[in-house]
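Read the structure below first, then the notes.
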Amino acid sequence: MNLKISIAHLYPELLNLYGDRGNIITLMKRCEWRGIDVDFRQIGIGDRIESFDLFFIGGGQDKQQVEVASELYLQRENLISQRDEGAVFLGICGGYQLMGHYYQPFEADRLNGISLLDAYTVAGKRRFIGNVTAVSDFLTPSTLVGFENHSGLTYIQGETKPLAVVSVGSGNNGTDRTEGARYKNVFGTYLHGSLLPKNPHFADYLLKLALQKRYSDEIDLPPLNDDLEMLTHNSLVGKSY
Ligand code: GLN
């Protein structure tokens, strides 16, 4: 019997900055290469969000976040209960910000988040743009590389922990050296790039969690030849320009 997982891409027509769709392509290909079937759905405005093993939401400008925020907020209870049942979430930048309690833009009304993460975001005066290297305490290799472009300053609290510690770049807010956030199987990050093609070890980490959630058992993924991906990854570690 082929293994299977279900993946939802939330609001790709609105939140797909810097090719964040590349994260979905990576997850789908890494399943295909292993013969894992994927039930993939794109969720648009007005769609009811069903149950999935893995959710992805990309980044976007404040304007697009407004439309998505009100949609997500209507379905926050459903998403919180899926989080508590072990569903995996990956949110990038604008999508990450909406996974917290709120995002307060500069000259606009506060956007309610869905509180998957104990975090909040307020608009900052400067825009953080550039390459990022961050060091996690749960991945091998420990590094994550990507590109950030945000003015939002995110602060995490309570049981929500950083995804990683910044060694190059600004991360969540440019002051506490944290990058991203994690609580249960919910992961948020400012790393565009897109993220997963250059961090295949993180892609597999997420896929393993999604399979574990679906089959209630630890599933070992057969290794893939990631020589090219890791050559790219390693060429970016520590690079600030
Ligand atoms: N609009 C948000 C900000 O500027 C998120 C931007 C993004 O997704 N790159 O902080």
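The values are calculated or read from the model by the stated rules, or taken from the named source; none is laboratory data. Just so it is clear, the model here is predicted, and its values are computed rather than measured. With ideal geometry, Cβ positions are generated from the backbone for all residues, glycine too; neighbour counts draw on all protein chains shown. Accessible surface is based on the protein model in full, side chains and every heavy atom, while ligands, DNA and RNA are left aside. Shrake-Rupley method; radii C 1.70, N 1.55, O 1.52, S 1.80 Å.
Overview of results
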| read-out | value |
| --- | --- |
| Thr121 vs. criteria open to solvent by less than 10 Å² (accessible area, probe 1.4 Å), within 22 Å of Ser167 (Cα to Cα), β-branched (Val, Ile, Thr) and within 12 Å of the ligand (Cβ to nearest atom) | yes |
| In the stretch 204-227, the residues that are part of a loop (DSSP other than H, G, I, E, B) and polar (S, T, N, Q) | Ser216, Asn225 |
| Selected residue (criterion: farthest from the ligand (Cβ to nearest atom)) from residues of the stretch 14-63 that are at pLDDT below 95 and more than 17 Å from the chain's Cα centre (by Cα) | Lys63 |
| Close pairs (8 angstrom Cβ cut-off, 6 or more residues apart or separate chains): at negative phi and modelled with pLDDT under 95 in the stretch 181-210, assigned to a helix (DSSP H, G or I) and open to solvent by 10 Å² or more (accessible area, probe 1.4 Å) anywhere | Ser194/Tyr18; Ser194/Gly19; Ser194/Arg21; Ser194/Gly22; Ser194/Thr26 |
| Matching residues, the stretch 102-117, being open to solvent by 20 Å² or more (accessible area, probe 1.4 Å), over 21 Å from Phe56 (Cβ atoms) and in a loop (DSSP other than H, G, I, E, B) | Phe106, Glu107, Ala108, Asp109, Arg110 |
| Of all residues making up the stretch 216-234, the number that are open to solvent by 50 Å² or more (accessible area, probe 1.4 Å) and touching a strand residue (DSSP E or B) at 6+ places or on another chain (Cβ under 9 Å) | 2 |
| Boolean, Ile80 is near the ligand (Cβ under 10 Å from one of its atoms), of a type outside the set (D, E, K, R), at negative phi and surrounded by fewer than 16 Cβ atoms within 10 Å (Cβ to Cβ) | no |
| Every residue from the stretch 89-112 that is within 13 Å of the ligand (Cβ to nearest atom) and under 13 Å from Leu10 (Cβ atoms) | Gly91, Ile92, Gly94, Gly95, Tyr96, Leu98, Met99 |
| Any hit, the stretch 177-199, residues being hydrophobic (A, V, I, L, M, F, W, C), assigned to a helix (DSSP H, G or I) and surrounded by 19 or more Cβ atoms within 10 Å (Cβ to Cβ) | yes |
| Selection status of Lys125, out of contact with any His (no Cβ under 9 Å at 6 or more places or on another chain), over 30 Å from Asn225 (Cα atoms), modelled with pLDDT under 95 and in a helix (DSSP H, G or I) | no |
| Matching residues in the stretch 126-166 - criterion: being within 13 Å of the ligand (Cβ to nearest atom), among the hydroxyl-bearing types (Ser, Thr, Tyr) and under 20 Å from Tyr205 (Cα atoms) | none |
